[in-house]
Structures are given as C-alpha cells and as structure tokens.
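Have a look at the structure below before the remarks.
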Amino acid sequence: MKRLPLAAAAVLAAFTLAAPLFLERGTLNDVWSLAFAVILASAWNILGGFAGQVSLGYSAFLGIGAYTTVLLSLAGVNPFWTLAPGAVVAALFSVLIGLPAFRLRGPYFTIATIGVGEAVRVVASSVSFTGGSSGLRMPAGSFDFTLNYEAMAALAVATVAISAAVTRSAFGHALAAIKQDIDAAEALGVGSTRFKLGAHALSAALVALAGSLYAINFQYIAPSSVFDFRLSLAIVLAPIVGGVGTVAGPVLGAVVFSTLQIKLLSVPALRDSYLFIYGGLLILVMLYEPKGLVGLARRLLARVRRPPVLPPEAARAA
Amino acid sequence: MQDIAGVLVNTVISAALYATMAYGLAVIYGVMRIINLAHAGLMMLGAYATFALFTRFALDPFLSLLVVGPLFYLFGVVLYRLVVRRLPRSGATPSMESLLLLFGVWLVLQNFAYAVWGGDTQSILTAYTMKSVAVFGVRVGVPSLFVFLGSIVSLVFLNVVLKATFLGRAIRAVTQNRDAALLAGVDADRISATAFGLGTAFAGVAGGMLSSLYAFTPDFGRSFLLKAFCIIVLGGMESVTGVAAGAFVLAFLENALGAWTTLPTSLEDAASFTLLFVALVVFPQGLPGLAARLRTALR
C-alpha cells in the first residue's frame, strides 16, 4: 500500500521528463507552466505548510532569482552558471529577512512578509540597475526551449522529492513540532529559529531557481512580470487549495491552479473573473476544508472505508 | 528644501487621514482578533463608491461620505453575518484562517471593481481639486484640507460612539476582555457584527477621501493597507491614543523624507514598509509598550 503512491509519483516524474519526445510545443508550454507552479507551491509549502509560517512575500525570491540571472547574463556569464548564484543570493536574503521576522508569530509574521514583498517590488521598480519599471532583456543568444523545459521539469521533480524527504527527516519533524506548538517545541530543545531559517532558505533557493528559469524562458523580466500579483497569488493559493503541510497537496493545488489558469486565459468571458474564482476558492477552502483538497479526499476516503457510526460499546472499547 | 512649518502642517493633515484609515483595522482587531486583509479592498471600494456617486449624481465627494459611511456599515454587518462569523473564533492571537479568508474577500472585491468599472485608472476632478490655500504660510491643496476636516469629524464621531454610548462601552469591554464581557452579559456576537460594520464604514470613508487625493484602480489600497498596519503596530494594536501617535509618526517620517532627503518619491512607500517591519520586530507592543519599557528602564 505504501509503495503505490511512490510508484505513481515515479511514473508521473518519468512522464514529465520524457514529455518533449511526444508532446507538441503548445502542450509542452502548458506542462512547463505546470512544473513552474509545482515548484513554487511545493517550495512555499516547506515553510508555509510544514512549519506553518505563512509568508506572502515569496515573489521577492522569485524576483531575486530572475534578476540575478539576467544581470549576470548581461555581464557575460553563461545563463546556466547564473542559476546557483541566484539561489544563493535568495537564500542569504531569506536569512537576512528571517532573522528579525521569525521573532514574530503567526499573522504578525505574515504581515511583515507582505511588507518585505512590497518593499522589494518598489525598490526593483525604482532603482536604476534593475532597469526600473521598464525591466531588463536577456542578452541575445541561442535559447533552447526543450533544455529549459527539461531543467524546469527536473527542478519540479527534485522539489517534490526534497519536500517528501523533508517530511521523513528529523528536520521535518522539527518543523512539524514548531507548527503544532512552538513553545512546546522550544521546551523540548528544538531551536525553532534555526529550523525556520533553514526551511525559509531552502524554499527561497528553490523558488529563486524557478525564477531564473522563468527569466531565461521569457528572455525579458520587469517588476510587472516577476512581481505580478497573479504570480504571488499562485505561490500561496495553490498549496492552500491543494492542502498545506502535505507533499501531494501543493502538487494537486498546482495542477488545479495551472489548469484553471489555462482554461481561464482561453475563455474571454472568464479571463476577467480570475480574481473572483481564486478569491472564492480561498473563502470556500477556509470556511469548509482548511486542509484543502487532500483533506477533502481523506475525509471522503475515511467515510467510504469506515462504517459511519460505531455502536456505543464498540466506541467505548476503541 | 522645505521649512519645518511645511513638514508639520503636511504631517498633521496626513496623520488625520492615516488615523481614520487605521482605526477601521484597529476596531476589528480589538474586538475580534482578526487581521482584516480585506481593508484594502474596502478602501478601494469606498473610492469607487464615491466616484460612482460623483459621476452618476454629481454628488460632491465629501458630501457623499455621508452616504458611503452608513452604506459600508451595512455592508460590513452583512459580510460579518454571511462569512466572517462562520470562522472558528480566534484565540489570543489572530488565526491564519481569518487572515486568508479575508484575503479571499479582498480578491473578490477587486474582481467586482474590475467587472463594474474596468481596470482603467480613475480620478475625481472637482472645481476645487487644483485650488490651494495658505495655512500658517504653507500652501495646502483644498482637497487635502477637506480630507483633514473629514478625518477629524470621523474620529470625533468614533470617539463619541466609543466613549458615550452603551454600544461603545460594550465594544471597549469586549476589546479588553472578551470572556469578562460575556460574563457581564454583553452579546459578543452582536458587538462583533457592529465592530466589523464600523471598521468597514471607516475603510469606506477613508477610501472615499483618498479618491479626492489620488488616482485609483481596482488594485488600489495595498500600500495604504500596509501603512494602516504600520500604524496599528506602532500604536500597540488596540489603544486609541496609540493609533493617533502611530499615524503621526508615520506621517512625519514620510513628509520629512520627502522634504529633507533626495529619496525618489517612489521609494517613499518603501519607507513605511521598512518602518512596519522594524516596528513589528523591535517593539511588537508598539509605542505604548516602548514608552512603558523606557519608563521601567529609567527608573
């Protein structure tokens, strides 16, 4: 029984990586977007889901990755070698932000992260080396979409694998303890700040990598594209709709989210109502199933497997 | 270079507006321990409501506040009854669910504005929009002056409600200690609805006043939301005088930066976000907490 999800995941991963062999360019583009969404959602979930620290400022890391890649490429570095520096800068920035911000708890942390995200956006659109609000273009050169696709797909598979590995590790257990009761965790000797910083840095680096690939794919970045409200929404909404704190939830949420995005963009009547749909989804999830689609599925499964009502004696015995 | 009088006059004017903006958040936070992310959307909607009354009925944007206020009060009560009440009650600290739920409400409001008014930038132009008068030798735009007066009226109104009516006493009682208020026979659910209505009304009025000073789109309000957060964090989250002090500090910082530094205006907003961050981290109890700490340190 335990092996089944693992096998399914492996088949899915192999399928995604081999997709360029049998999918046409248009469909491949959609899968690219899906992989991108999976990375953002699963990476965000490491801090937001496993450790319960909901951040609304992740577009900052995406932006750092994208801008590092373009700026270094403009300085003559091969785009491939700009990925790691972007991830490192984002991780360092996440620690810099996290050191003060993790002194805050729950919603106060969330508010602080809105401030950080906004500040980064404002700075990127007003200082000169980022090209201001008109943005930056990648240097002209050969660009291979299939290569970019493979990198994005591999990163998506790796991100999901990393988050699965986290749940099984001591690191993941520490994050879970922090989420459940930070004071109790501290009392048991879990250095909560250290673990939160670690989770923040790990997820920031993954998001920055996705941001770098995003910049290479579109060849052009601007504050209005990398700090787009829709993108920062996607980062948070997909894992919440799918189910925070699980490995499958963010992936499921990303699938729902990208499918919705593609469908919405292709139907003109719906294009103008995406905020309504996302907002409505968020409201519904918060009111009726805060554990998201995964929680819903578990509830339904439990109802199917278990008899609905136990006789009183059996209930007492159990 | 601008003289001190100029900075001070402008500070007082923006501080009054900021306080109006922040009280809406503070009332809701105080009674329900909910951080109302939809505040930004409500301010945006207030701006559009004022705009609609102005274009449709040629109603002066400041007179229309008398319509917008009660209308938004009702809207707030309905929003509370339909959505917010269904949430599990927040404990001592606000729940993540309430924050995200109201984030969803904000998105829906934004979409509503896009659907009704489209995404174009709108602004309200009246006969006095471009006029200015001298206050203590400082040129001040007439709309800013009206905004100042509107804010003072709203703040006095709120103060009278909170201090002199049974309802206000009940609101303050629930803010101070919900359980004790319940024991004393206060209907906390009704008070919550009223507080949510009041907070919504203040957001609408603040938005209506902002529409006379700034151009707006359905995405309007995010930076003002952060400013309002900054103020209630500085003000210690639930103290009335604290909010006023917080509004003053933020307004002074912005005006001083604008007058005495060469910081580009686009970066001035970043100042309030930075202040928010610093305030949250360095003195989470706000200015009153800081003052108390200083007193104990000096003793």
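Points worth noting:
- Net length gained if the chain between residue B:184 and residue B:294 were fully extended (0.36 nm per residue, minus Cα distance): 36.1 nm
- Using only side-chain charges placed at the Cβ, +1 for Lys and Arg and -1 for Asp and Glu, the dipole size of the range A:3-228 relative to its Cα centre rounds to 320 debye.
- A simple spin-label model places pseudo-atoms 7 Å from Cα toward Cβ; at residue A:137 and residue B:260 they are separated by 4.4 nm.
- Once the Cα atoms are used to define both axes, helix A:248-266 deviates from the longest principal axis of chain A by about 50 degrees.
- Screening chain B for whole DSSP H helices with an alpha carbon extent of at least 27 angstrom along the helix axis and a mean Kyte-Doolittle hydropathy of at least 0.0 yields B:4-32, B:96-117, B:142-164, B:188-213, B:240-260.
- Centre separation in Å (Cα based) which lies between the range A:49-97 and the range B:1-25: 37 Å
- Placing pseudo-labels 7 Å out from each Cα toward the beta carbon at residue A:219 and residue A:181 gives an inter-label distance of 5.8 nm.
- A:305, B:86 arranged by Cβ crowding within 10 Å, fewest neighbours leading: A:305, B:86
- In this calculation the C-beta distance from residue A:228 to residue A:12 is compared with R0 = 30 Å, giving a FRET efficiency of 0.60.
- Shape of the range A:120-256, Cα gyration tensor, a/c cut at 1.5: prolate
- By other beta-carbon atoms within 10 Å, ranking B:18, A:214, B:73 with the fewest at the front produces B:73, A:214, B:18.
- Near-label residues of the range A:92-118 by backbone N, under 18 Å of a point 7 Å along Cα→Cβ of residue A:194: A:95-96, A:98-100, A:102-103
- Pairs of Lys residues in the protein assembly as shown, spaced 8 or more positions apart or belonging to different chains, with C-alpha separations under 24 angstrom: 4 in total.
- In plain terms, the bigger the Kirkwood radius, the slower the diffusion; for the protein assembly as shown, with that radius from Cα pairs, at 10 °C and 1.306 mPa s, Stokes-Einstein puts D at 62 µm²/s.
- Of B:246, B:208, B:104, the one that fluctuates the most in a GNM where chain B has Cα springs shorter than 10 Å: B:104
- Cα gyration tensor of chain A - equivalent ellipsoid semi-axes, whole Å, descending: 34, 24, 19
Taken together, the values in this text are just the output of simple stated rules run on the coordinates, not laboratory data. All of these numbers come straight from a predicted model, not from anything done at the bench. Cβ atoms come from the backbone with ideal geometry, glycine included; neighbour counts cover every protein chain shown.
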